[in-house]
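Worksheet for the structure shown next.
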Amino acid sequence: MSEVNNPKNRTLTLERTFDAPIALVWEAWTQSEHIAQWWGPKGMETKVLEHDFKVGGNWKYSMRMPDGNEFISEGRYIEIVEHEKIISTADFKPMTEGVEIQAIFKADGEKTHFTFNCVHETEEYCKQQEQMGFYNGWGSVFERLNEFLS
């Protein structure tokens, strides 16, 4: 594989350890009523418009920013392994489109180690997304998830 198309060069990753058992973290990721409570950066309100949690199923969320502007995040589930991983396509219009997101879960006693990968089509697009605030934005989302799990 050439280094130009190597997925590791096109992937941004965040890792967290949640002080919650894997079953609870999984439920937060897979149940519409829970997703609406934490998905999106701080200050955003999320409404689940569609959530067909199965391989090939679609998800679609509307997120309202504090200034009243709204944007849509949506995708299709590619792979689901219970209590292990959720992989889907994702578009966060108009900021990010055509990415794959990977949520990886690993039990650690009563805690859950969580890895989030966002795979971009090109290395250039990946770098652009990082500069646009990937780590701050998603970091804020996972802070909200951590608070929700508490």
Completion exercise
residue 38 meets each of (1) surrounded by 15 or more Cβ atoms within 10 Å (Cβ to Cβ); (2) closer than 15 Å to residue 141 by Cβ; (3) more than 14 Å from the chain's Cα centre (by Cα) with one exception, condition (3)
Handout entry: Considering residues of segment 16-34 that are under 17 Å from residue 142 (Cβ atoms) and in contact with a His (Cβ under 7 Å, 6 or more places away or on another chain) only, the residue surrounded by the fewest Cβ atoms within 10 Å (Cβ to Cβ)
Key = 17
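Does at least one position in segment 84-93 carry a residue that is in contact (Cβ under 8 Å) with a residue 60 or more places away in the chain and in contact with a strand residue (DSSP E or B) (Cβ under 8 Å, 6 or more places away or on another chain)?
No, the conditions are met nowhere in segment 84-93.
Return the only residue of 68, 75, 43 being in contact with a Pro (Cβ under 7 Å, 6 or more places away or on another chain) and either exposed (fewer than 15 other Cβ atoms within 10 Å of the Cβ) or not in a helix (DSSP H, G or I) (or both).
It is 43.
Bear in mind these aren't lab numbers, they're just calculated from the coordinates by the rules spelled out. Treat the numbers as computed from the prediction; the structure is a model and nothing was measured. FYI the Cβ positions are ideal-geometry reconstructions off the backbone, even for glycines, and counts take in every protein chain you see.
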